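Notes for the one structure printed next.
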Ligand code: ADA
């Protein structure tokens, strides 16, 4: 029987680009999971990128029978790894988010020590995605390591980290059946495979035997199958046992769920034939000062919070997440969009496409049995970098690969907001989705509904989802008059209140995902007075504070009755009256100020205006459905200055666009209506950002226009984009602005 031995303790670690584990280095002791960017990947400093070594001695498990084999399984090693036993190479791996295995059998010292060394490197590799994206590329051994010892014949360990068993449930004409497949290494005559299925209560539902071969496949009927759904995530377990005579040689098991699903572009997502409106969040796996080296308990806490907000779907962005997290989604009934990090800009290195295909193979093969996963995502915002040669063809190939490996699931992709409706990138995946930030980066909150409607009307046969939408919310900033780009907790809540309604009115949007469930590390960012982080989470990255926007979404999605008075952190308020927002799904809300009723509402996100404040402390209490919550507010002469984002940050944010588009080039360029003649000797908005930034005068102009130096991390993404495209990405420009910019550029000689 196989032995699986976690080896997460007693590792030593050193940053080093030596070609072999350095003998006399200043090693540090670490326990896995580990990331060397746990702090610098989140605190706004420049995260260290490079090569590092991990090393530890291993006790080699002794197989009692001859021909036993030893493997090491690495959970994740961003972005590239090399594995050695006793200094001899065992394998190399590209990609930072999938598991991989190396066979160690032939490298073991039968006498003396066995030393396992793993080199991990998170430098920028031209053929490994992600290369350019809005999150930190944490380096490390971020998911732990295991030894796997198996007898000579065993369920296959050598195929893209596969479990060696695939379970494919299906339902036809109301009858369920399960195809169980196993792959074996070293099978010989006389061996058998026994597939056993047990239901959620542990009762045996089926037992089927077949002679063992390299590939064994059997279709097993499942009487009265209990279906898996978001309300009732019922799980079966399939076990495959390899047996010779009266002896069990190896065993693998997988949980699975029986469900059918489909998407109708006009109606939305159907689970087991029932319209199931998917409303939820996107998740990055990292958390404060751990980076992506998170524990099983951290995954549970994330799943708990996602369930608490009432989400029934999660987009596991922008790479393969930990198997533990997909397990939790199986258990909690959360429909998953899982994806590979083919993101932002297609690499010039043609091998990047081959590596992306391997990433897709690993994602699908390793996670095939999870019932929660319904969608395989093949790319995110890939046109940010403009048109790259072969980008459409590469999508076709990735889509075809996904369909070949898994015809049972739907493929999807996330378009950048400016992707034109008639671009050939459409129509490749089964369903599609847009990342839309109207009301944050560009446009207004009210634009979201009309945009969805007009797109839907124009492309009625295209299943349209919202793969990202969101706004920043920093819990130290507050305002009675929240507005786009003020980074206040109140604006974020207001934005989500509107978007929840927009999406509720449009069940045909097959899925929507708030960007993001949690604030996350993002080394290139410096926004709203916070460096190194993206603050669009409904919950802070330490998972300690649920922002008011969390309760706004909860009021719309959750069935668990609650009442929440927003604004607890907006504790010092000036003026005779204030505005109070209350979220609840428990029926009529009644609000009391210092014991006196001030209003009632049947809205789930209710805004009470003109709530009187008295001198000193005020208790603002809401009741709904027998539940109550209150906040305590101090009436003050002047509200604390710390409630407002620092002026320079606000200014630069406004210049970057969105609702503040008018402000962003105020004082930079004067409106000029006339479009000058196009000249090849002078710059134009049609020039590439890379060329503009290479010319000192043009660079000065563009920098002023954007309101900031272009961060180095952004350069790869934008250098081949024209200025015009870059501006379109920021948002709709006021009338005449483009002509004005063009006129200024036309005066700068190339
Ligand atoms: C993009 C991208 C995300 C995210 C978002 C943002 O749309 O897909 O990774 O970070 O931008 O917050 O700006």
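Look at (1) within 16 Å of the ligand (Cβ to nearest atom); (2) modelled with pLDDT of 95 or more; (3) surrounded by fewer than 19 Cβ atoms within 10 Å (Cβ to Cβ) and you find that residue 393 fails only one, number (1). Taken as a whole, the structure leaves residue 67 outside the set of residues that are touching a residue at least 60 places away in the same chain (Cβ under 8 Å), in contact with a strand residue (DSSP E or B) (Cβ under 9 Å, 6 or more places away or on another chain) and surrounded by fewer than 17 Cβ atoms within 10 Å (Cβ to Cβ). Residue count for the range 521-558 satisfying the condition of being within 16 Å of the ligand (Cβ to nearest atom), within 22 Å of residue 582 (Cα to Cα), outside any helix (DSSP H, G or I) and touching a helix residue (DSSP H, G or I) at 6+ places or on another chain (Cβ under 7 Å): 3. Of the residues that make up the range 450-461, is at least one within 13 Å of the ligand (Cβ to nearest atom) and at pLDDT 95 or above? No, the range 450-461 has no match at all.
Of everything listed in (1) closer than 23 Å to residue 556 by Cα; (2) surrounded by 22 or more Cβ atoms within 10 Å (Cβ to Cβ), the single unmet condition for residue 304 is (2).
The single condition among (1) over 24 Å from residue 521 (Cα atoms); (2) in contact with a strand residue (DSSP E or B) (Cβ under 6 Å, 6 or more places away or on another chain); (3) free of Cβ contacts under 8 Å to residues at least 60 places away in the same chain; (4) buried (at least 17 other Cβ atoms within 10 Å of the Cβ) that residue 114 does not meet is (2). When residues in the range 200-237 are screened for being more than 19 Å from residue 332 (Cβ to Cβ) and assigned to a loop (DSSP other than H, G, I, E, B), 8 of them pass.
Yes or no, residue by residue, for (1) away from the ligand (no atom under 16 Å from the Cβ); (2) under 16 Å from the mean Cα position of the chain (by Cα); (3) part of a loop (DSSP other than H, G, I, E, B):
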| residue | (1), (2), (3) |
| --- | --- |
| 262 | yes, no, no |
| 285 | no, yes, yes |
| 297 | yes, no, no |
| 303 | yes, yes, no |
| 320 | no, yes, yes |
| 325 | yes, yes, no |
| 330 | yes, no, no |
| 348 | yes, no, yes |
| 356 | yes, no, no |
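Is it the case that some residue within the range 3-24 is on the phi < 0 side of the Ramachandran plot, surrounded by 20 or more Cβ atoms within 10 Å (Cβ to Cβ) and free of Cβ contacts under 8 Å to residues at least 40 places away in the same chain? No; the residues of the range 3-24 include none that is on the phi < 0 side of the Ramachandran plot, surrounded by 20 or more Cβ atoms within 10 Å (Cβ to Cβ) and free of Cβ contacts under 8 Å to residues at least 40 places away in the same chain. Within the range 70-92, being more than 27 Å from the chain's Cα centre (by Cα) and either surrounded by 16 or more Cβ atoms within 10 Å (Cβ to Cβ) or without any contact (Cβ under 8 Å) to a residue 60 or more places away in the chain (or both) holds for 70, 71, 72, 83, 84, 85, 86, 88, 89, 90, 91.
Can you tell me which of 252, 281 is outside any loop (DSSP other than H, G, I, E, B), surrounded by 24 or more Cβ atoms within 10 Å (Cβ to Cβ) and touching a strand residue (DSSP E or B) at 6+ places or on another chain (Cβ under 7 Å)?
On inspection, the qualifying residue turns out to be 281.
The values are calculated or read from the model by the stated rules, or taken from the named source; none is laboratory data. This is a predicted model, so every value here is computed, not measured. Note: ideal-geometry Cβ built from the backbone for every residue, glycine included; neighbour counts use all protein chains shown.
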